[in-house]
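The values are calculated or read from the model by the stated rules, or taken from the named source; none is laboratory data. Source: prediction; values computed, not measured. With ideal geometry, Cβ positions are generated from the backbone for all residues, glycine too; neighbour counts draw on all protein chains shown.
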Amino acid sequence: MLRWKELYEECLNCHKCSLGEKRTNMVFGDGNSKADIIFIGEAPGADEDRTGIPFVGRAGQLLTKYLQDINLYRNKDYYICNICKCRPEKNRTPYEDEAKACIQYLRNQVALVKPKIIVCLGATAMRYILGSDWRITRDRGKWVEKKGFYMTATFHPSAILRDPSKNEPFLEDLKAINEKYKEISK
């Protein structure tokens, strides 16, 4: 297992897939590196590629607002990252070879953070973390304890922007995540 600085450098110099050739910035992760909660998305978007910081675009701003509404703050309560550290063109879903090229980096991040709760944001993160038999609409909000982690999935915040009917279930999931966080923090 690599330490933070070594892992960051390896990601920065990675060219295991074609995404590394076209990126502006590698988007590593952000937040409290010792948090009890880790949120994992699929890949950076245009704003993230420009800034090198995950979840700063419209979807990230929505997620940040909703989490702050329930008193969860990035620099204090959670760490946030993506499966892929580089942006796929036109924000497409990462191809399987791209996700598999990056998954070891994500596993290393999780091992360093040592969270108690892992939250998959969207179907892609859910597929690579919880398994291909999970379906976001059917299984969002369900909890599973696996390898010492409490894991769940919810919609990606970009799905809320595209389909406002998912807003209420998304908020319910975030509140349940906060309740689980309070429960394990006792």
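Candidates are the residues of the stretch 35-62 that are within 13 Å of the chain's Cα centre (by Cα) and part of a loop (DSSP other than H, G, I, E, B); the one that is surrounded by the most Cβ atoms within 10 Å (Cβ to Cβ) is Pro44.
Specify the residue that is surrounded by the most Cβ atoms within 10 Å (Cβ to Cβ); the eligible residues are those in the stretch 143-158 that are closer than 12 Å to Ile118 by Cα and hydrophobic (A, V, I, L, M, F, W, C). Step by step, filter the stretch 143-158, then rank; the result is Ala153.
Only one entry of Lys76, Lys90, Lys114, Lys65 meets the criterion of being exposed (fewer than 15 other Cβ atoms within 10 Å of the Cβ), out of contact with any strand residue (DSSP E or B) (no Cβ under 9 Å at 6 or more places or on another chain) and either touching a residue at least 40 places away in the same chain (Cβ under 8 Å) or of a type in the set (Gly, Ala, Ser) (or both), and that entry is Lys114.
Of all residues in the stretch 124-142, those satisfying the criterion of being without any contact (Cβ under 8 Å) to a residue 40 or more places away in the chain, surrounded by 20 or more Cβ atoms within 10 Å (Cβ to Cβ) and of a type outside the set (Lys, Arg) are Met126, Ile136.
When every residue of the stretch 58-66 is checked against the conditions, none turns out to be farther than 22 Å from Phe155 by Cβ, of a type outside the set (A, V, I, L, M, F, W, C) and touching a Lys or Arg at 6+ places or on another chain (Cβ under 7 Å).
For beta carbons closer than 9 Å, sequence separation of 6+ or different chains, a first residue in the stretch 6-25 that is closer than 13 Å to Cys84 by Cβ and at pLDDT 95 or above and a second that is among the aromatic types (Phe, Trp, Tyr) and crowded, with 17+ Cβ neighbours inside 10 Å, the qualifying pairs are Cys11/Phe28; Cys11/Tyr105; Cys14/Tyr105.
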